[in-house]
Amino acid sequence: MDAGGSRSELIFKPNVSLSLDNAIDEARELMREIKPSWGEDLEVKSFDDGITNKVFGFFRKSDSEAMSHKDLVLFRIYGEQTDKVVDRKKEITTLKMLQEANLGPKLYCIFGNGLSYEFLKGVPLDEKLCRDPTIMKLVATIFAEWHVKLKPSEEDFDLDTPVPILKCRQWLNELSGHTGIRLEEVDQTVTPRSLGEELASLEVSVVIDEPLVFSHNDTLLANIIFNKRANTARLIDYEYGGPNYRAFDIG
């Protein structure tokens, strides 16, 4: 058990899936293994900003800190058929790499339809915070640490093709095989074939003489967390992490 009262080893529960209707009560059972020292001193916080997942967290009722600095255990339940958009195996590999490099949250539990992991304390950036010179330096630093320290293996990632290209191929393939979608009814000039031709042209035009580095690939302001107390910036939401040109994160 670590200093935070949680088990030190990663918990695997592949045969346990949380139902959307009763997820919080079912997650309480997992909390008994993740944070056994917390007992029944549990309160729940729901997060409604997730696009593809249901997210909520547990914290101790006795924790008097502001929400942005509470010791929270997050649970994320995958949305239905989101595996067609997100490679969950790669996401877990990314989380493990980040934990080893001290650049991300601790991963507590992998269950059948989701994950449980540490809440990174702080607040998401907004249009004002991102213009602060001190915070700008922190963000540049965390980008650089990702791009330099994270070294994926060729067994887990395609090291020769940028993630945006791979995702476009994947989504176009899903679209082409989805008989319920008829793009020509929306725009006569847009078809799976025309999109495929455009993607082929794009793949050639985006090749530049720069190395691919491990990138976040979804650096929205809401995915950058600033911790004023620790004077750090951290990235969250790693579903699209993988090799890419470093300029993609910066831009």
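Before moving on, here are some points about what is shown:
- Loop trypsin sites (Lys or Arg not before Pro), the stretch 67-133 (other Cβ atoms within 10 Å of the site Cβ: 13 or fewer; DSSP): Lys128
- In the set [x] 16.1; [y] 12.9; [z] 21.7, the label that goes with mean projected area of the Cα convex hull in nm² computed for this structure is [x].
- Once both labels are positioned 7 Å from their Cα atoms along Cα-to-Cβ, the gap between Lys228 and Lys167 label points is 3.2 nm.
- Normalising the average separation of contacting C-alpha pairs (under 8 angstrom, six or more residues apart) by the number of residues puts the relative contact order of the chain at 20 percent.
- Kirkwood Rh in Å, taken over the stretch 79-209 so that all alpha-carbon pairs contribute: 18.4
- By accessible area with a 1.4 Å probe, ligands and nucleic acids excluded, highest first: order of Thr161, Thr141: Thr141, Thr161
- For the chain, a simple Cβ point-charge model (Lys and Arg +1, Asp and Glu -1, everything else neutral) yields a dipole of about 860 debye relative to the Cα centre.
- Rounded to the nearest 10 square angstrom, Thr82 shows an accessible area of 20 square angstrom against a 1.4 Å probe.
- Range in the chain, longest, excluding exposed GluC sites (Glu not before Pro) [loop by DSSP; at most 14 other beta-carbon atoms within 10 Å]: 156-251
- Projecting the Cα atoms of Val213, Thr82, Leu72 onto the charge dipole of the chain (Cβ charges, centred on the Cα centre) puts Leu72 farthest toward the positive pole.
- Solvent-accessible area per residue in the chain equals 57 Å², computed with a 1.4 angstrom probe and all protein chains kept.
- Options Pro192, Leu115, Phe248, ranked by Cα towards positive dipole end of the chain, top entry (Cβ charges): Leu115
- When each of Lys96/Lys149; Lys149/Lys228; Lys84/Lys167 is checked by Cα-Cα distance, pairs over 18 Å: Lys149/Lys228
- For the stretch 128-169, the dipole from Cβ point charges (+1 on Lys and Arg, -1 on Asp and Glu) about the Cα centre works out to 420 debye, to the nearest 20.
The values are calculated or read from the model by the stated rules, or taken from the named source; none is laboratory data. Model, not experiment: these values are computed from the prediction. Note: ideal-geometry Cβ built from the backbone for every residue, glycine included; neighbour counts use all protein chains shown. Areas reflect the complete protein model, heavy atoms only, side chains present, ligands, DNA and RNA absent. Shrake-Rupley method; radii C 1.70, N 1.55, O 1.52, S 1.80 Å.
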